[in-house]
Number of protein chains: 2
Amino acid sequence: MSASNHPTGQVRKAPENFLDAQGVRAVFAEAGKGRRDFIRNAFAAAVAGTAATSSALAQSRPVVGDGDPAILNLPAHSTGLGQPVVTDGYGKPSKYEANVQRRQSPGLTPTAQASVSFAPLQSLFGIVTPSGLHFERHHQGWWDIDPSKHRLMVNGMVKAPKVFTLDELMRLPSVSRFHFIECGANTGMEWGNVAVPTAQYTHGMLSCSEFTGVPLITLLEMAGADLKGERFVLAEGADGSSMTRTIPMSLIRSGEVLVAYGQNGEMLRPEQGYPLRLVVPGVQGVSWVKYLRRIELGDQPYGTKDENVHYVDLMPDGQHRQYTSIQECKSVVTTPSGGQMLLDKGFYNITGLAWSGRGKVKRVDVSVDGGRNWRTARLESPVLSKCLTRFNIDWVWDGSPAIIQSRAMDDTGYVQPSYKQLRAVRGTRSIYHNNAIQSWQVQANGEVANVQLS
Amino acid sequence: MSASNHPTGQVRKAPENFLDAQGVRAVFAEAGKGRRDFIRNAFAAAVAGTAATSSALAQSRPVVGDGDPAILNLPAHSTGLGQPVVTDGYGKPSKYEANVQRRQSPGLTPTAQASVSFAPLQSLFGIVTPSGLHFERHHQGWWDIDPSKHRLMVNGMVKAPKVFTLDELMRLPSVSRFHFIECGANTGMEWGNVAVPTAQYTHGMLSCSEFTGVPLITLLEMAGADLKGERFVLAEGADGSSMTRTIPMSLIRSGEVLVAYGQNGEMLRPEQGYPLRLVVPGVQGVSWVKYLRRIELGDQPYGTKDENVHYVDLMPDGQHRQYTSIQECKSVVTTPSGGQMLLDKGFYNITGLAWSGRGKVKRVDVSVDGGRNWRTARLESPVLSKCLTRFNIDWVWDGSPAIIQSRAMDDTGYVQPSYKQLRAVRGTRSIYHNNAIQSWQVQANGEVANVQLS
């Protein structure tokens with residue numbers, strides 16, 4: 001499958017390299033003349049502005065400017081005053097990074113208020129997703145709600161129903177934790193053998209943040225919750241979609257479900273539910289109710305529209321799986337990945353992300369031959385529970401076609417399945433919970449494409 | 001000391017609460033009437049938009065709109081379509097958070113190109129500093145350098161000097177790590193008993209990010225570095241300040257010094273040295289050379305202007321300490337902190353940050369009585385080496401004046417000193433490396449001020 005198979009045909013291929021094609025050719029042509037010439041010429045071409053007194057300059061005698069090695073054409077940034085501090089009290093990325101954006105897949109949904117924008121995984125590093133690039137999934141658009149008017153009610157099977165202001169919530173015991181959030185429909189296009197072109201569109205309904213808030217169990221205890229017997233919580237959002245989801249007490253009792261106001265050090269972003277969102281680690285994103293306004297304690301699952309009609313898994317026999325909330329262990333190579341291009345043969349760092357809704361990632365194996373041979377990748381620390389884990393592994397590309405895959409295992413022993421294994425159980429007609437191994441084909445010309453192995 | 005003692009007199013007091021004074025009075029007046037009334041009235045006032053069918057509503061019969069409990073004045077965000085996805089391909093904070101900014105201290109330096117902006121620590125959560133709020137310290141202004149023209153040279157005592165493009169660096173083995181960066185002059189105003197009003201101005205030359213890049217030792221090895229005998233590296237930036245700093249090989253050999261291109265998941269921000277910055281964990285910020293263009297290997301410290309004239313510690317006997325680069329163990333309570341106001345007596349979460357340039361934070365103790373009694377705070381995980389650690393501890397305020405302090409210990413056993421202990425050794429005339437215990441005084445009216453205990 002190639003990029004032209006993308007169902008919308010609207011994907012703009014992001015330039016992944018800093019040098020354009022001409023720049024790449026020039027650098028490698030210079031490199032071919034020998035390393036010493038390469039250094040001299042690349043350096044002169046770059047007008048890197050090294051001081052004329054540097055010992056390397058004296059050795060390599062670059063000829064720039066008027067030909068006198070002592071007089072360099074220094075760039076403006078080495079000779080003048082730059083921008084002052086606090087040009088903007090809230091900074092933004094370089095203008096040269098303007099192509100690194102979250103992107104909508106036009107036509108995926110009928111309106112842009114009930115749609116998705118995908119995070120540019122192929123351009124990201126580490127495990128923290130910049131809040132400005134966090135994927136979006138709205139059911140009726142996003143709002144910037146006045147926090148002084150927002151309230152959270154806790155009611156249902158509680159002795160003393162409560163309504164909290166933001167100020168009251170922020171006085172309570174606070175915790176901060178790193179967790180991934182993944183939409184249950186992430187990689188959903190791939191069930192039916194449709195290979196969308198880039199990691200942004202295959203896996204980009206995935207982000208990871210440090211969340212800060214109050215454990216939900218604290219609020220239930222303050223309200224005198226009756227926790228004897230089987231109990232479930234209904235979480236309700238304040239936007240027009242009236243999103244409501246059932247959360248099992250098993251997760252809440254552990255203290256890991258949070259009523260969060262903070263994300264990546266600052267208040268939640270409006271697209272992520274400002275001023276309050278439920279954080280349900282390991283569980284699909286739809287349960288992380290945004291604009292959270294109400295928590296109700298009950299004694300059975302609520303069976304809401306988004307639990308009975310949506311977010312159910314269509315099985316081969318025509319039945320649906322319901323309440324399949326946990327995001328199973330999964331991984332994806334983000335570089336090299338579809339839409340990127342390898343500049344030349346030689347050394348590359350293969351990097352990607354792994355995660356599990358059941359705990360920590362224990363191991364990630366990487367194959368460059370379509371799954372015949374596997375090597376174990378290096379995991380960057382920290383490796384945290386229900387959090388993204390960054391992996392890296394060395395690779396020397398010999399210039400022949402290659403198929404790159406990653407396969408994650410979590411600390412329960414669960415191993416990420418192949419498409420063949422997954423489809424044997426779940427068929428091909430689901431939308432949700434596709435955690436199969438992703439394959440990227442490196443072509444002889446260096447272009448990387450999404451392929452599906454049968 | 002009160003806010004009026006701030007040397008510039010220009011500090012705008014940021015509103016720290018979501019309710020204004022009138023809102024606070026109203027909520028607490030309602031609360032005084034009893035919890036049930038409070039719930040009913042606060043809920044009605046907030047027009048929180050809970051669906052009319054909710055059981056809590058049925059119980060509490062709020063009277064809003066035309067008085068019929070079944071007809072609610074629902075807010076616009078509960079009834080209409082919101083904003084579409086990708087309103088901006090790169091998101092930004094809520095308009096209600098516009099006061100959370102990095103701020104310059106006017107008059108601190110003669111020009112805004114050689115100045116500082118402080119991170120708003122009192123408004124931040126967790127350990128990750130949002131890149132848009134990362135503190136700035138420029139010596140000749142910041143630049144947005146074209147990465148396709150930027151080069152990094154490695155020269156000096158190496159067999160094969162090298163010049164790297166960004167594309168070449170990004171093919172090399174990559175690591176991602178969380179580290180704090182603190183300016184050596186952070187808290188510098190406090191040496192001489194000047195108490196600036198807020199945590200932003202006392203401790204705000206401090207930030208923490210996940211950095212991604214190539215270990216510097218890898219580049220030195222590629223260049224055939226001669227590492228026999230004592231060795232030092234000179235790092236040089238490409239901006240007009242020609243910032244040059246000596247880095248000892250002991251840090252580089254360990255693999256922890258990075259040539260970084262990534263910060264918090266994306267490319268470095270221009271104010272932080274885009275496209276390349278040196279990351280020197282545990283060491284004062286000036287050594288984290290921005291716009292990094294050259295690494296030279298030598299056999300002695302370089303004694304540059306920013307090592308001989310600046311960034312030296314003036315001792316009581318008139319001598320200077322030089323090459324005092326490691327940021328010793330330190331901590332600060334960020335809430336409650338100067339400029340904030342406690343709304344009422346009762347429960348509060350005391351929270352703050354601790355860090356050490358020598359390793360991990362082992363313990364943080366908190367006092368609310370000016371250091372007579374201490375309790376050990378809860379550390380949020382992960383606790384990482386040379387990284388910020390978030391601590392939290394419960395406190396019930398009885399309404400009487402209190403002095404809040406935190407005291408950190410690192411895994412070397414070093415304990416953060418009091419001002420008395422620090423000044424006994426270092427005097428009061430230094431600018432750099434003040435890591436003393438910070439005191440915040442809570443006044444009977446709830447206002448919090450910076451005080452220095454003798």
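Readers should treat all values here as calculations from the given coordinates under stated rules, not as data from a laboratory. Since the model is a prediction, treat every value here as computed from it, not as a measurement. Backbone-built Cβ (ideal geometry, glycine too); neighbour counts: all protein chains shown.
With its label point put 7 Å out from Cα toward Cβ, residue B:299 sits 8.5 nm from the same residue's point in the other copies, in order from shortest.
Counting Lys +1, Arg +1, Asp -1, Glu -1, what net charge surrounds residue B:393 among other residues with beta carbon under 10 Å of its beta carbon?
Values: positive: B:375, B:378; negative: B:365, B:394.
Computed value for this residue: 0.
Partner shielding of A:350-356 amounts to 1, given as the average count of beta-carbon atoms from other chains within 10 Å of each residue beta-carbon.
If the limit is 20 Å between Cα atoms, which of B:162/B:386; A:92/B:95; B:159/B:228; A:290/B:95 go over it?
Working: B:162/B:386 30 Å; A:92/B:95 16 Å; B:159/B:228 13 Å; A:290/B:95 17 Å.
Over 20 Å Cα-Cα: B:162/B:386.
In this simple spin-label model, placing a label point 7 Å from the Cα along the Cα-to-Cβ direction at both residue A:451 and residue B:226 gives a separation of 4.9 nm.
Can you tell me how much longer the chain between residue A:324 and residue A:242 gets when fully stretched, taken as 0.36 nm per residue apart minus their C-alpha distance, in nm with one decimal?
Difference between extended and current length: 27.4 nm.
In summary, the aspartates and glutamates within cross-link reach of residue B:330, defined as a Cα separation below 12 angstrom excluding same-chain residues under 8 places away, comprise B:182, B:365, B:410.
Per-residue extension of 0.36 nm, minus the Cα-Cα distance of residue B:369 and residue B:109, leaves a gain of 90.0 nm for this segment. The HN-Hα couplings worked out from phi for region B:216-228 by the Karplus form 6.51 cos²θ - 1.76 cosθ + 1.60 (θ = phi - 60°) are 4, 4, 4, 5, 5, 5, 4, 8, x, 4, 8, 9, 7 Hz, whole numbers, x standing for Gly and Pro.
Shielding by partners for peptide A:337-347, expressed as the average number of C-beta atoms from other protein chains within 10 Å of each residue's C-beta, is 1. Scanning chain B for the beta carbon that comes closest to the axis linking it by rotation to A yields B:382, 2, distance in whole angstrom. Around the amide H of residue B:403, modelled in the peptide plane, lie the amide H atoms of B:369, B:370, B:442, all under 5 Å away and 5 or more residues distant in sequence or on another chain. For residue B:305, a cut-off of 13 angstrom between C-alpha atoms picks up these aspartates and glutamates, skipping any fewer than 8 places away in its own chain: B:236.
Averaged over B:173-184, how many beta carbons belonging to a partner chain fall within 10 Å of each residue's beta carbon?
Values: counts 8, 10, 7, 9, 4, 8, 0, 0, 0, 0, 0, 0.
Taking the mean over all residues of the peptide, I get 4.
So between residue A:309 and residue A:376, what do we pick up on full extension, going 0.36 nm a residue minus the alpha carbon distance?
Values: separation 67, 0.36 × 67 = 24.12 nm, distance 4.07 nm.
Between residue A:309 and residue A:376, full extension yields 20.0 nm more.
Model label points for residue B:403 and residue A:412, set 7 angstrom from Cα along the Cα-to-Cβ axis, are 5.3 nm apart. Distant-in-sequence amide contacts of residue B:156, defined by a placed amide H-H separation under 5 Å and a gap of 5 or more residues or a different chain, comprise A:56, B:297.
What FRET efficiency would be calculated for the residue pair residue A:444, residue A:98, taking the C-beta separation as r and a Förster radius of 30 Å, to the nearest 0.05?
Working: r = 31 Å, r/R0 = 1.05.
For residue A:444 and residue A:98, the calculated efficiency is 0.45.
Among A:254, A:123, a tally of other beta-carbon atoms within 10 Å of each Cβ gives an order, fewest to most, of A:254, A:123. Give the shape of region B:330-451 as rounded, prolate or oblate, defined through the alpha-carbon gyration tensor: a ≥ b ≥ c are the square roots of its eigenvalues, a/c under 1.5 means rounded, and otherwise the shape is prolate if a/b is larger than b/c and oblate if not. Verdict is oblate for region B:330-451. As a proxy for reagent exposure, B:127, A:350, B:181, B:431 were ordered by neighbouring Cβ count within 10 angstrom, fewest first; the result is B:431, A:350, B:127, B:181. For residue A:317 and residue A:396, the FRET efficiency from 1/(1 + (r/R0)^6), where r spans their Cβ atoms and R0 equals 35 Å, is about 0.15. Taking amide H as placed 1.01 Å from N in the peptide plane, the amide H of residue B:432 sits under 5 Å from that of B:314, each at least 5 places away or on another chain.
Across region A:124-134, computed HN-Hα scalar couplings (Karplus, 6.51 cos²θ - 1.76 cosθ + 1.60, θ = phi - 60°) run 9, 10, x, 10, 7, 8, x, 4, x, 10, 4 Hz from first to last residue, x flagging Gly and Pro. Taking a sphere under 10 Å around the Cβ of residue B:115 and counting the other residues whose Cβ falls inside, with K and R at +1 and D and E at -1, yields a net charge of 0.
A simple rule links phi to the HN-Hα coupling: the Karplus curve 6.51 cos²θ - 1.76 cosθ + 1.60 with θ = phi - 60°, which for region A:295-306 gives 10, 10, 9, x, 10, 7, x, 8, x, 6, 4, 7 Hz, with x for Gly and Pro.
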